[in-house]
Structure formats: structure tokens, C-alpha cells
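The values are calculated or read from the model by the stated rules, or taken from the named source; none is laboratory data. Since the model is a prediction, treat every value here as computed from it, not as a measurement. A quick note on method: Cβ atoms are made from the backbone with ideal geometry, for glycine too, and the neighbour counts reach across all protein chains shown.
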Amino acid sequence: MLKARTPALAPVLGRARHRLRASPLLRHLLLALVGLLLVVLVIESVSSFRQVQLATMAYTGIAAGGLSLLLGLSGQLSLGHGAFMAIGAYTTALLLQDADRALPLPVVLLIATAVTLAVGAVIGVAAARLHGPYVAGVTLALAVAVPGIALYFSDSLGGDQGLNVRVPDVPAWFENVMFFITGQEITGSKYVAYVGWFALIGVFFLLANLAASRTGRRWRAGRDDGVAAELAGINVGRDRVIAFVVSTGCAGLAGGVMALVVRLTAPAGFGLTLSLALLAGVVIGGLGSLTGALVGAAILTFLPQLTTNAGLGLGLSSLQAAELATLTYGLTLMIVILIAPRGIVGSIRARLRSGRERRAAAG
């Protein structure tokens, strides 16, 4: 019976594989559904502390995904994504302050993303004619200036102390649906973890389709040779603005989720260090790769705790163990650049591709 069924299934499986290869939208939708299933399984099986860590990885991954596409596909270097995360975080905190008139959480996050998109559009249009280090300089100035705005408008933005973020209660419909699926109660940390990961999967789905579309191909053409792209009829300046705005929108959404996880928005949390950490995570994972952005986000999230625990186990003080995490960041970045110049994911893909080419040539 098995031998009789196998030939009948072979054409069906072949057509399914061909359809997945031919349709990026269908392939990305299937990956998103698999990702949702894995998220539910992982979040339901870990402790509350791990759920908070996973939520941290989620908002870091959202910001890193936008930055990875900006730098890897469009060729623009941004050193100010921490500032755009601050805009999204403060917008979220302000909209959630009044419990009686608070909007639904998805609407709040969409508004935070839209506000950051608007600011990114203004900055992007102003810097559209700049290239290379000049764009980096503009965003660097933004990273330095934006946290100071909270100090200037201390009455409404909380000054140095920042704003406490009120996390809304779990919606009844969401609690009922998740209890039906998992049979478990939804706690506050679990709810925030779900919000972060659902947002990450949605953002990655949109970014993956955007990168595979004509817009993504125009970004690559402008990155590789701007003059040739202009001669081919591509408006390189407009496409650079679009890439910049999309990336800032991701940062704004990440900032909104970060506000929910940390439950505090303060200027100290959005300094230049955050922007540089995102850039380091993108370089370690692999430029232009959403998988690489996720790998970089995992390293940024879990590496500090691992190195701190290792330092405490070696007899270091708490301060010394905390400083060890920063040293490990730098060493990891140096090792990856020397051993895998394309990042972890990019180098793995390059080796797999060269292996397939060698086998094809041998065949």
C-alpha cells in the first residue's frame, strides 16, 4: 500500500514545492504560521522571567530587522535608531496614561508607529541627498538630541525620571482564545511576550515580502550602483527615503513594545549605546537578513545574562561581572567580523551556496 501511494503523492508534493518557490508571499505566510505555533509552544513552556526575556528579544528583533534592511538592502547607515525607539516609547506611554480613556493596545502601537513614521519621513526627506557618512552623521545627531527633549519638556515627559507605563489589562477575548488553545491562564508577562512576538512576526512578514518585491530590487540596485540605477529609470532618492521611513517605523513599534516590557520610559534608556548595540547585533547576525536580525537580537538579549552569571561563578564582583558583558559584546563582534565577515547567517548561507555550486559543477 505504501509503495502504491508514494508515486501518487510525488507529483502533489512536487507541485507544492514549486508553488512555494514561485510565490514568496505564500512561502512567507507559511513561515509566519509556523512561527506563531512555535511562539505559543515556547512562551507557554517557560517561566515568567524567560517570558520577559523573550519579550525583550522581540522588540530588539523588530528594531534590528528594520535596521538590517536599511543597511543591507538600501546601503544607508543609521546611528540613531535608539532615538526613533524613544519616540515610539514615549508616544505609547502618553497614550496609556489615562486608564479611563485609553485606546486598545493594538491601536496605541499603531499610533506610535505612525508618529515615528512621520518623524522618519521628515528626517528622511531632509537627508535624501546625503550619502554614506553624512546620513550616519544626521542620525547620530538625532540620537544625541532626542533624549534631551524629555528633559526640556519635563512637565509632560517626566524629565530624568521618565514616565511610568501602564500596561493595560489582558482583553477578555484574547484571554478566552488563548485559554481555549493552551488551557493556561494569561499572566501580565505572558501577555506582553505574546504582544511582542506577534508584532515581530507581523513585521517580519511585511519586511520579507517588501524585500522580495520590486521595491526591494530597486533598493539593491541603488545600493550597488546609484548612477546605473538612475540611468535605468529608478528614483534612487525616493527609494532611499522609503527605506529609511520603513526602518524608522519598525524602530517606533519596537519602542512601543519596549515601553510595555520595561514599564518605564526614561532618557537614559534611549542613548547612543542602544543605537550602537542594535548596529552591532545586525552586523553579528548578517546585514540584509531578517534571520540574521533575529540571531543578533537573541545575542543582545541573552549574552549579558550568560556572561554575568559566568563572571559571578568565577568569583568576580557584581560590578565586574556586569562590565564583563560589554567586553564580551566587543569580542564577539571582532570574532564574527574576522571569521564571518558577512555575519553569522550570511556566512552560513554563502558556504551552503558555494557547496551547492561545487556539487552542481561536479555533477
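Inside the stretch 139-177, residues that are closer than 30 Å to residue 38 by Cα, aliphatic (A, V, I, L, M) and touching a residue at least 24 places away in the same chain (Cβ under 8 Å) make up a count of 2.
Does residue 51 fit the bill of being in a helix (DSSP H, G or I), buried (at least 21 other Cβ atoms within 10 Å of the Cβ) and in contact with a Lys or Arg (Cβ under 7 Å, 6 or more places away or on another chain)? Answer is yes for this residue.
Please state which one of 262, 345 is modelled with pLDDT of 85 or more, under 18 Å from the mean Cα position of the chain (by Cα) and crowded, with 21+ Cβ neighbours inside 10 Å. Outline the logic, then answer.
Working: 262 fails: crowded, with 21+ Cβ neighbours inside 10 Å.
None of the others qualify; the one that does is 345.
Looking at 268, 259, just one residue is in contact (Cβ under 8 Å) with a residue 60 or more places away in the chain and touching a strand residue (DSSP E or B) at 6+ places or on another chain (Cβ under 9 Å), and that residue is 259.
Annotation: residue 162 fulfils all but one of (1) in contact with a Phe, Trp or Tyr (Cβ under 8 Å, 6 or more places away or on another chain); (2) over 17 Å from residue 102 (Cβ atoms); the unmet one is (1). Exactly one residue among 353, 342, 359 is among the charged types (D, E, K, R) and in contact (Cβ under 8 Å) with a residue 12 or more places away in the chain, and that residue is 342. You will find that of 206, 200, the residue that is closer than 20 Å to residue 66 by Cβ, without any contact (Cβ under 8 Å) to a residue 12 or more places away in the chain, part of a helix (DSSP H, G or I) and under 24 Å from the mean Cα position of the chain (by Cα) is 206 and no other.
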